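Notes follow once the structure below has been shown.
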Amino acid sequence: MILRARPGLARRVLATTDGRVALVLLGSLTFLSFVLPLFLPAPNASDFSIPAGADGGPPAASSAHLLGADSLYRDVLSRLAAGGRVSLLVACVAAAIACVVGVGVGVGSAAAARAGARWADGLAMRVVDVLLAMPFLLFVTTIGVLVGRTDATTLIFVLGLTGWTGLSRVVRSRALVVLSQDYVLASRALGGGIGHVAWRHVLPNVMPITIVLGTSLVGSMILAEAVLGYLAVGIHPPQATWGRMLHEAETLVVLRPLLVAAPGACIVAAMLGLHRLGEALRLATGTAPEEARARRFPLDVAIAAGALCLLVGLPTKELAPPPEVATAETPVAGGELRLATSFTVRTLDPATAPDEISIALVRLVYDRLLTFDEAGQLAPALAERFTWEDGGKRLVLHLRPGVRFQDGASFGAADVKRSIERALHPKSPSPGAAYYANFEGYDAYRSGKAAELAGVEVTAEHVVTFRLREPDATLPSLLTLSYVSPVCPSVPQSIADTTEAKLCGAGPFRIDRFEPEGGVRLVRNDGYYVPGIPHLDAIQLDFLVRPQAQRYRFERGELDFVRELSGADVMLVRADARWAPHSNLVESLRANAIFLNTEMPPFDNPDLRRAVSFAVDPSVLSKVRADTAPLARVVPDAVPGHRTPSVERRHDVAAALEAMKRAGYPYDPATGEGGWPEPIDYVTVPDTFEQSAAEVYQQQLARVGLRIRLRLVSHQTYLAEVQARRRATMGWAGWQADYPDPLTFFDPKLVSSAIGDVSQNNSFYASPELDALVARARVETDGSVRDALFSRAEEIVHHDAPWIPVTTSRVFELRQPRLRGYTSTPLSQLDFSRAWLIPKDGAAPAARAALGMRSFFGRAR
Amino acid sequence: MRTAWLVLRRCLWGVLLVVGVTTVAWALSSFLPGDPVAAAMGPQAAPADVERARKLYGLDEAPHVRYGRFVSRLVHRGRGDAAGKGEHASCADASGGLHVDLGYSFTYRRPVAELVKKKLPASLELAVAASLIQVLLGLVLGGLAAARRGGGIDHGVVGASVALGAAPTFVVGLLLQYLFAHRLGAFPVDGGYAARGLEHLRAIALPALTLGFYGAALLVRLVRSELGDALAQPYVLAVRARGASRVRAGVVHALRNASAPIVQLTVLELGALAGGAVVTERLFRWPGLGEMAVVAVQNRDAQAIVGVTIVASSAIVLASVVADLLGLALDPRQRD
């Protein structure tokens, strides 16, 4: 409309240098986004047949893939083009919406003010105030959640409906000026209504400023989309956008700077182009001062291009070699071990510690009653031995004499009873209490009706007797869990009143300082009952350190040990033979699977479940993260026990297609016709390895006619959805063995007793035979009989396919050469009780501080 | 007198605005789907234990009941009881025996008031440092560009500011961290908030630069156009004719007249930053409110969300009141 009304505008814009630069920049981006894709491979297709780069990273640029491939082996140029289509489209449409709303509100409230309805004007401007003060992140998350899925349309509306506020203020003040002009008064005097005046006189006058601000708005929308993509609340993958690509390439900035530079260059080019267009429009519409007409060399473009060339051209810094250390074979006492994690630890109370890192720390502070040795056999700790009585309904535990707590109190049977009663107290929010529901008197005590827990008896000073309602062979394993680790008598019995300063146990280290947002410092417990242990003086663990920063700090010698390196860094270190003696991959007791809801279509049909089982091929994922390994059975290999490997999930596309045919949904891969007619939602958590894995499974399942849509939700929503009945069709399910026994996988993940209002059996799978096997295994103490029971259980799950095992995670640990005496097994990770550090030559503690690593709490003391 | 009335009205509206925004934030965070308690308890907790924790954290009550209690306890008399004990477990002491109670954050397992008290200084410090960089760059570069309008310096400055403004904060931050901390080793990688003296300055340098660059990109262009317009005014010519040097005419006379919008923009930016810089704080592990906002939103911790929102929106409102007042003080023309 504007262009028709002012026919010379386009030509006037192009007459300026700004206009021509804008044309070149925006034109080439349009070409990239809309024309080039015709000649490129599909943007979301992984090609794992390309060999990885020499440094272990994703494939570098080649003639087939001009810009290389990303971490999932997808062509970067294709993704750049696909991302451009979305980013440009979203930004332009959202800016258009913002302009319409902004002009409408601005002109409307100005007209209202002049027409005597000041309240309407005031109201509109107050709404603007509120929107400007709203936390943007919360707002966008909310809208995304309400809509259920962030796609391009959602994003357009979110950005469009939040982006108009600034514009409306400018338009309003301009409109107020216009409305007080003489010709407007004349028009009104001639009988023109306020609507007529707004349409005929105000609107044309605010158009130039709207066009100019609108172009810059498109730029801000591109930026906003990038930031949302970075915060993982933007458009759902696998759809590429420039912002998402930047985010995904973040950990690859060292290895493949091009992956960061390419989308970054597109964003900067679009912003520069739009800025130039805005300038040109200001000149063309006469809203810019005359002097700006001077010729302008595109210096901004040159600066941006120079910065990009520098980034890409800068030779990548090689991994530093391991520092030389003096050889030493006998443990040396002293030294402070420095660690970091990207997570945060909320509590060090053993009764409530919920996750892997906090449990690992808790184990260093509180010794447990029993533990596991490296072979996965029960081993003594604070308890020396135990005996079964009464046909497995009574367990007598003999405690180690002469042990003292960190506060000096001596340890005995009464402390065991007190600590267990503390963890199971009616007011205890312990996540592990239900494990002990088999104790006699559990219900009465937990509900507050009984003053003490009848099932735990102090028999003698160092003898405790546990009485069970039903025989349970897993009780000794349950006593290895930290929830019931003995705590000092000085620790308050109420968990709510326990501050970190009051916590203490009988472990090798005691808590020195604890800050949930900063880190934790543990110091040596000199009174530990094992002589000479621990060797270390202190352990400092910093929280919330991003994996990338962990690598930087490790290379600077500021960390002694890292275990959360990014996938790219793991590849890089593994490709370097010099670091091989100082790193290792530790198996874990973790299983990742795809759960299929057996109560809902399509997966109430066992053949469709089998099709999924045959179609997925997790083996390619080791190219994405070297520390994952494919898993073919429910129970990972790291769990001790001998199992006959007769039944295993295998990848077989022909068998999958056969299963699809049997199910009544034949699929023809050649034509792409047939298969399950509807898209199926796959629920997982964003920004995790599980999300990347899901993007790969999505491609693999599409090949047999199962079209998957990723549904990425926050961890809370994920838990609520997968535990609710008839809600989530399929998705990721993970389980970490609480103690090394196959039973912890089948119960609760696959037994029917775990189905309820809130179900831990995410497949809602009920098999009477499996339930019976699990019940027998619970009371069975003979190892070989148990193995036979679990082999049969594996067969049942394999045949019915409610739970498709896909990967087991391994932990890649990297140590500084001076860290000695640390071995980790799947059962004892982060156990530094026997670790020691080779002193740095002549480096006094003061000199060590000068290396830059200061305690996070330097100010506190 | 009119000014006083104006200030009073702005402040009253500001309070209303904070209350409104806080209520909306509470409503949004309470009515979102998902189970925050289950997530806080860890994925492997049994349903019965999750239910019990929900009761213990007081999250089994209806959102409006919880909101009512929150409002009624927001500021109350301590009656001689110490904050942080029993009934007053989630309180912080304000002066005169008053308690401030922002509730208890179940993700941090701390009273929200205590968290805010700890994190606000970090965010404020970063905001001030970023503003200093922004003002310094803005005045020097913008001033140079204004003085040589249309010349090579002008084009260079404008070009650089556009390019810088076009780069998202996280890209600038990542690159600064990569170049100066990793490649050159000149600055700490992250954290270091609690370090003292020189080490603390080195720790704040990269996050402050990340934020400062972005703000400076805007300010440079504002200074350039405002100062440039002022320099073209006849009174500057008159001052020069009376023998004042170029610098004196520019700094004392032109800048004085162009200062109102520049100061106002700086104060507004400061207010927005004081509420926490989400991306930058996360990147450099700066323990401020931005980091807390992300954690709170991710965990649907309504109490913590409201705590951050109160502070962040108050800072924005306060900054806009101060900006208005400064505008009145610096530019008499705004007084009518």
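Laboratory data are not the source of any read-out in this text; all were calculated from the coordinates shown. Only a predicted model underlies this, so the values are computations on that prediction, with no experimental measurement involved. With ideal geometry, Cβ positions are generated from the backbone for all residues, glycine too; neighbour counts draw on all protein chains shown.
Data overview
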| quantity | calculated |
| --- | --- |
| Over region A:177-239, equivalent-ellipsoid semi-axes from the Cα gyration tensor in Å | 43, 12, 8 |
| Convex hull per residue volume in Å³, alpha carbons only, for chain B | 190 |
| The protein assembly as shown - Rg and Dmax from Cα coordinates, angstrom | 32.5, 110 |
| Inter-chain Cβ neighbour average for residues B:148-157, partner chain, 10 Å | 3 |
| All Cα pairs of region B:54-211, percent lying beyond 24 Å | 58 |
| Fraction of alpha-carbon pairs over 16 Å apart in region A:417-544 - percent | 69 |
| Lysines with Cα under 27 Å of residue A:393, excluding same-chain neighbours fewer than 8 positions away | A:417, A:449, A:749 |
| Reciprocal of mean inverse Cα separation for region A:541-598 (Kirkwood radius, Å) | 13.6 |
| Rounded to 10°, Cα long-axis angle of helix A:768-779 versus longest principal axis of chain A | 50 |
| Helical mean residue ellipticity (222 nm; -39500 (n - 2.57) per DSSP H run of 4+; nearest 500) of chain B | -22500 deg cm²/dmol |
| Rh by Kirkwood over Cα pairs, then Stokes-Einstein D for region A:1-87 at 1.567 mPa s and 4 °C, µm²/s | 85 |
| Debye intensity ratio I(q)/I(0), log10, region B:204-329, q values 0.10, 0.14, 0.18 Å⁻¹ (C-alpha model) | -0.46, -0.74, -0.98 |
| Helix B:47-56 vs. chain B, principal-axis angle (Cα, 0 to 90°, nearest 10) | 70 |
| Computed E for residue A:47/residue A:375 - FRET, C-beta separation, R0 56 angstrom, nearest 0.05 | 0.85 |
| Measure of compaction for region A:666-711 (Cα Rg per 2.2 N^0.38 Å) | 1.23 |
| Whole-Å semi-axes of region A:454-502's equivalent ellipsoid (Cα gyration tensor) | 25, 14, 10 |
| Over region A:530-678, equivalent-ellipsoid semi-axes from the Cα gyration tensor in Å | 43, 20, 15 |
| Choice from B:142, B:276, B:250 showing the highest fluctuation, given a GNM over chain B with Cα pairs closer than 10 Å | B:250 |
| For chain A, calculated [θ]222 nm from helices alone, where every DSSP H run of n ≥ 4 adds -39500 (n - 2.57) | -12500 deg cm²/dmol |
| Rounded tilt (10° steps) of A:299-313 against the dominant C-alpha axis of chain A | 30 |
| Neighbour-count order for A:11, A:276, A:633, fewest beta carbons within 10 angstrom listed first | A:11, A:633, A:276 |
| Length added when fully stretched, residue A:151-residue A:326, from 0.36 nm per residue minus Cα-Cα | 57.3 nm |
| For region B:1-60, the spread of Cα positions along each principal axis, largest first, Å | 65, 20, 15 |
| Three-way shape label, region A:313-408, alpha-carbon gyration tensor, a/c 1.5 | prolate |
| Relative contact order computed over chain A (Cα-Cα under 8 Å; 6+ residues apart), in percent | 13 |
| Where the Cα pairs of region A:631-760 fall when distances are cut into 10 Å bins, in % | 11, 31, 37, 19, 2 |
| Residues residue A:787 and residue A:823, FRET efficiency given R0 of 22 Å [Cβ-Cβ distance, rounded to 0.05] | 0.25 |
| Fraction in percent of alpha-carbon pairs per bin - 5 Å, region A:623-705 | 3, 11, 17, 17, 18, 17, 12, 4, 1, 0 |
| Centroid-to-centroid separation of region A:662-688 and region A:722-789 [C-alpha atoms, Å] | 27 |
| Extension gain, residue A:14 back to residue A:497 (0.36 nm per residue minus Cα-Cα distance, nm) | 166.7 nm |
| Choice from B:286, B:26, B:13 showing the highest fluctuation, given a GNM over chain B with Cα pairs closer than 10 Å | B:13 |
| Full-stretch length increase - residue A:724, residue A:63 - with 0.36 nm per residue and alpha-carbon distance subtracted | 233.0 nm |
| Interatomic Cα distance distribution for region A:199-278, bins of 5 angstrom, percent | 3, 15, 19, 18, 15, 11, 7, 5, 4, 2, 1, 0 |
| For region B:36-66 versus region B:258-290, the gap between their alpha-carbon centres in whole angstrom | 35 |
| Pairwise FRET efficiency - residue B:48 versus residue A:182, Cβ, R0 = 56 Å, nearest 0.05 | 0.15 |
| Of every Cα-Cα pair in region A:484-565, the percent that sits beyond 22 Å | 41 |
